[in-house]
Amino acid sequence: MQIKVQARRIAASLRQIGTGRALRVETDLLQKYAAAAPRYTSFPTAPNFHSGIGAEQYRAWLAALPRGTSLSLYVHIPYCESLCWFCGCHTKATRNYAPVARYLRHVQEEIELVSAALPEGVNVRSVHWGGGTPTMLSSEDIAALATSLRSAFDVAANAEFAVEIDPRTITKDRIATLAEAGLTRASLGVQDFNPRVQKAINREQSLALTKAAVDALRNAGVDGINIDLLYGLPHQSTRVMIETLIKVLQLEPNRIALFGYAHVPWMKRHQRLIDEAALPSAAERYRTSNSASELMVAWGYERIGIDHFALPDDPLAVAARAGRLHRNFQGYTSDAADALIGLGASSISCLPQGYVQNAVPVDDYARRVSAGELAAVRGVALGREDRVRGYAIERLMCDFRLSGAEIRREFGADAEPLLADAKRLAAADEDGVLFVEDGTIRVTERGRPFVRSICAALDPYLGAGGARHSSAV
């Protein structure tokens, strides 16, 4: 019966998309709200970090964490076996394992430096490895890194351990090692299964290969499976994206992330290899995102924020329903840790006092930690207004609402300037994207795809310093 239901859903969805009834794109609305805007994985955003915050300040902030502070750890592996042209991460391609092994020795040095700077009584409740491709590490190095983290930090026995995985290079041995190290969630990059799209982004990856990785992970006892997709890629129409999505849905992941491709060739030079003439229009991106969202909801997934979808019993969906969803540099998360510690080149840490970022070039990062220094080179200290506006932007990005009572309870009179700005924004709205009800500012269903632009209107830093961002749609 379930197979028949799914078949009917697939057929109906494809008919709808094929006839153009899936979504009436409002061009005027798109032109107004599809301007460039930050993704708001932090506030202030990374372009506002500065060199006035560095290793000395970072050490002081770490030492000031109170007993009982809960931590999340992020480890960045800035290497891949080949470079995908769409990638916006800090990474480089190498077929030689020697620089990877050398880099891991420096990460070990940083682990020891950071753990020594922390006071007693702090504990880790979440660990995430990202990149790059963390699973290009050898099985021996995977085990050694996991052991080092647990030896240096007080990692809870039930801590979530998530790793980003490239299905093209993962092996059963590495999966077994990760499972033995306590892996609870695997995030697999797919992007799109269409061969023409894959060739245009230099990432060729079959459905069979991806399914084999998913099956191997589940057989090893890894229950949490996330799959990452991209819309807005070259040669990717709405129909092409939906065909990929249907294949992904049949893999039954717990979560699906549907990110909009950020074309920023001024930041990532390898993106110049992508044919800009083959990129879909803003209207097609909008249509694709909404059509895919409707299909995932029809298959039983719940919408989480602007680009995540999760099965109802997944911790992310549970957190979203309870109003406990958060947003950090890894995207949406149910992790409510008090501080995030970033390890590795380019990693960003978020502490109660502010943000710090490690040196981005691997050689600079390595030189600093080898000299016994923390690798932080830039950041920003949070002022009172930053905390208020950061809270407001996070709640809008997570809940699509901002309660006046809640923000006043959190910040008192300091919340009033922000609330005044938000109310003025809602009062000036002529597009049906915002409204105020019982002291709560709410984003409408019509406004949901444009929440990044709504948040940008509350960002006093935007436009300062000449930072450029990707399209908000």
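Any read-out appearing in this document is the output of simple, stated calculations on the displayed coordinates, not a laboratory observation. Note that this is a predicted model, so its numbers are computed, not measured. Positions of Cβ are generated from backbone atoms using ideal geometry, with glycine treated the same way; all protein chains shown enter the neighbour counts.
Key figures
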read-out: Extended-chain gain in nm, criterion 0.36 nm per residue less alpha-carbon gap, Thr27 and Ala298; value: 94.9 nm
read-out: Extended-chain gain in nm, criterion 0.36 nm per residue less alpha-carbon gap, Ser138 and Asp223; value: 28.3 nm
read-out: Ala277-Asp363 FRET efficiency (beta carbon distance; Förster radius 35 Å; 0.05 resolution); value: 0.45
read-out: Karplus 3J(HN,Hα) series, Hz, for segment 415-425 with 6.51 cos²θ - 1.76 cosθ + 1.60 (x for Gly, Pro); value: 7, 4, x, 5, 4, 4, 5, 5, 5, 5, 4
read-out: Spatially proximal lysines relative to Lys92 (Cα-Cα < 25 Å; intrachain offsets below 8 disregarded); value: Lys172, Lys199, Lys268
read-out: Separation of the Glu81 and Ala208 label points, Cα + 7 Å toward Cβ, nm; value: 1.7 nm
read-out: Dipole of the chain, positive direction: furthest Cα of Leu230, Phe411, Ala376, with charges on the beta-carbon; value: Leu230
read-out: Vicinal HN-Hα couplings computed from phi for segment 85-94 (Karplus, 6.51 cos²θ - 1.76 cosθ + 1.60; Hz; Gly/Pro x); value: 6, 7, 4, x, 8, 7, 7, 9, 8, 8
read-out: Computed magnitude of the charge dipole of the chain (debye, nearest 20; Cβ of K, R +1, Cβ of D, E -1); value: 1120 debye
read-out: Approximate spin-label separation His50-Ala64, in nm, with each point projected 7 Å along Cα-to-Cβ; value: 1.8 nm
read-out: Extension gain, Arg384 back to Arg196 (0.36 nm per residue minus Cα-Cα distance, nm); value: 62.7 nm
read-out: Tensor-based shape of segment 157-198 (alpha-carbon gyration tensor, a/c under 1.5 rounded, otherwise prolate or oblate); value: oblate
read-out: Contact order relative to length of the chain, as percent, for alpha carbon pairs under 8 angstrom and 6 or more apart; value: 21 percent
read-out: Peptides 39-46, 198-205 ordered by average Cβ neighbours within 10 Å, highest first; value: 39-46, 198-205
read-out: Amide proton proximity set for Ile77, modelled H, under 5 Å, gap of 5+; value: Gly130, Gly131
read-out: Within the chain, helix-based [θ] at 222 nm, where runs of 4 or more DSSP H residues each add -39,500 (n - 2.57), nearest 500; value: -12000 deg cm²/dmol
read-out: Label-point separation in nm, Ser237 to Ala101, each point 7 Å along Cα→Cβ; value: 5.0 nm
read-out: Kirkwood Rh (inverse of mean 1/r, distinct Cα pairs), segment 282-402, angstrom; value: 16.8 Å
read-out: Vicinal HN-Hα couplings computed from phi for segment 243-249 (Karplus, 6.51 cos²θ - 1.76 cosθ + 1.60; Hz; Gly/Pro x); value: 4, 5, 4, 4, 5, 5, 4
read-out: Long-range HN-HN contacts of Asp154 with modeled amide H, under 5 Å; value: Val124
